[in-house]
Amino acid sequence: MTTNSNFSNYLELTKPGVQALLFVSCISGMLIASNFNPPILTFLFGLTGISFLAASAAVVNHIYDASIDSKMSRTKSRPIVIGSVNKQSAKIFAVGLYVLGSIFLLTFANTLTWVMTTVTFIFYAFIYTKYLKHMTSQNIVIGGVAGAMPPLLGWTAITNSLDPNAWLLVLIILVWTPPHFWALAIKRVSEYEKAEVPMLPVHKGVPFTKLHILLYTVLLMAASLLPFSTGLFGTTYLIAALILGVIFLYLSLRLYLEEGDTYAMPTFFYSLWYLSALFGFMLIDSFILL
């Protein structure tokens with residue numbers, strides 16, 4: 001029982017929900033770049049290496065944010081906050097994940113992928129989490145760069161190049177991140193204020209944040225059409241992107257027009273489904289075009 005409990009605590013430190021989205025987007029980059037025929041070892045160990053470095057960054061985030069997490073209902077039961085994992089053990093875990101992930105990338109992928117993943121790791125785990133997150137209400141826009149990298153990293157693991165088409169996938173996630181997270185921030189605005197984290201609704205107010213969620217959703221719809229305009233994907237993807245985007249736009253508009261935060265969580269949860277579905281249709285469309 002203790003072993004299972006310890007395992008679940010360490011697993012929670014890696015933010016498995018975030019890892020699931022990373023998997024979807026990273027696998028998409030790998031499969032699209034390889035025309036659904038990736039070298040099996042590169043696919044398995046490249047994906048694992050990228051995931052381990054991302055997990056290591058998540059653990060570092062838990063360590064630095066423990067004092068903030070203790071003030072918020074959503075995060076007050078995290079392992080480091082409640083003491084089920086101490087900070088020293090978490091640091092050793094983070095180092096182990098980084099070293100093992102690096103070995104996988106350098107052995108089975110390529111140096112470029114390791115360098116890009118390491119830069120992403122450093123940016124999110126240290127520069128963003130420790131400094132930028134607390135300096136500006138645009139923290140999510142800036143921090144979203146790290147979360148947007150997995151499809152490029154997966155693509156690079158296969159091709160050993162920074163393909164322009166892969167950057168379009170990065171752009172989609174980058175533009176998706178603010179409306180996704182700001183919807184949650186509206187619901188949790190009082191907690192972020194208590195924790196003294198300068199989220200947009202804390203500094204600029206909820207109405208201002210709602211407007212920016214709506215504007216970013218419009219921008220996201222435009223960004224999601226770029227891979228079709230370049231010929232990366234075909235009609236199947238285009239139709240899916242339009243339908244998914246219209247639904248997102250509808251929820252964002254309702255959130256903007258309605259008083260209070262009634263549509264905040266529906267918008268947040270749909271945004272998760274939106275990104276997974278969008279990348280799923282990228283794969284379906286790519287497979288059809290083979």
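None of the figures in this text is laboratory data; all of them are computed from the coordinates on show. On a predicted model such as this, the values are computed, not experimentally measured, just so you know. No Cβ is skipped: glycine too gets one built from the backbone with ideal geometry, and neighbour counts run over all protein chains shown.
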Exercise. What does the helix-only formula give at 222 nm for the chain: each DSSP H stretch with n ≥ 4 adding -39500 (n - 2.57), the total divided by the residues, and the result rounded to the nearest 500 deg cm²/dmol?
Worked result: -25500 deg cm²/dmol
Problem set entry | Over segment 1-160, volume per residue of the alpha carbon convex hull, in Å³ | 112
Seminar exercise, completed: Check: C-alpha center segment 183-202 vs C-alpha center segment 51-96, spacing in Å is 20
Problem set entry | Under the span-like rule (Cα at least 18 Å along the axis, Kyte-Doolittle mean at least 1.0), DSSP H helices of the chain | 16-33, 40-64, 87-108, 164-187, 206-229, 235-257, 264-289
Exercise. In nanometres, what is the gap between the two model label sites at Phe7 and Lys87, each 7 Å from Cα along Cα-to-Cβ?
Worked result: 2.9
Exercise. For a label point 7 angstrom out from the Cα of Ser161 toward its Cβ, which stretches of segment 36-56 have the backbone nitrogen within less than 20 Å?
Worked result: 36-40, 42-43
Exercise. What net charge is computed for the residues neighbouring Phe248, neighbours being all others with C-beta under 15 Å from the C-beta of Phe248, Lys and Arg scored +1, Asp and Glu -1?
Worked result: +2
Exercise. So which lysines can Lys15 reach, going by Cα to Cα under 25 Å and dropping same-chain residues fewer than 8 places off?
Worked result: Lys71, Lys76, Lys87, Lys91, Lys130, Lys133, Lys187, Lys194
Seminar exercise, completed: Net charge (Lys, Arg +1; Asp, Glu -1) of residues whose beta-carbon lies under 10 Å from that of Asp69, Asp69 excluded, is +3
Exercise. How far is it, in nm, from the label point at Thr48 to the one at Thr107 when both lie 7 Å from their Cα along the line to the Cβ?
Worked result: 0.8
Seminar exercise, completed: Put in order of increasing Cβ neighbours within 10 Å, starting from the fewest, Glu191, Glu196 give Glu196, Glu191
For this session: Would you mind calculating the gained length between Ile127 and Leu100 on full extension (0.36 nm times residue separation, minus the Cα-Cα distance), in nm to one decimal?
Result: 7.5 nm
For this session: Using a Förster distance of 25 angstrom, determine the FRET efficiency expected from the C-beta separation of Ile284 and Glu258, and round it to 0.05.
Result: 0.15
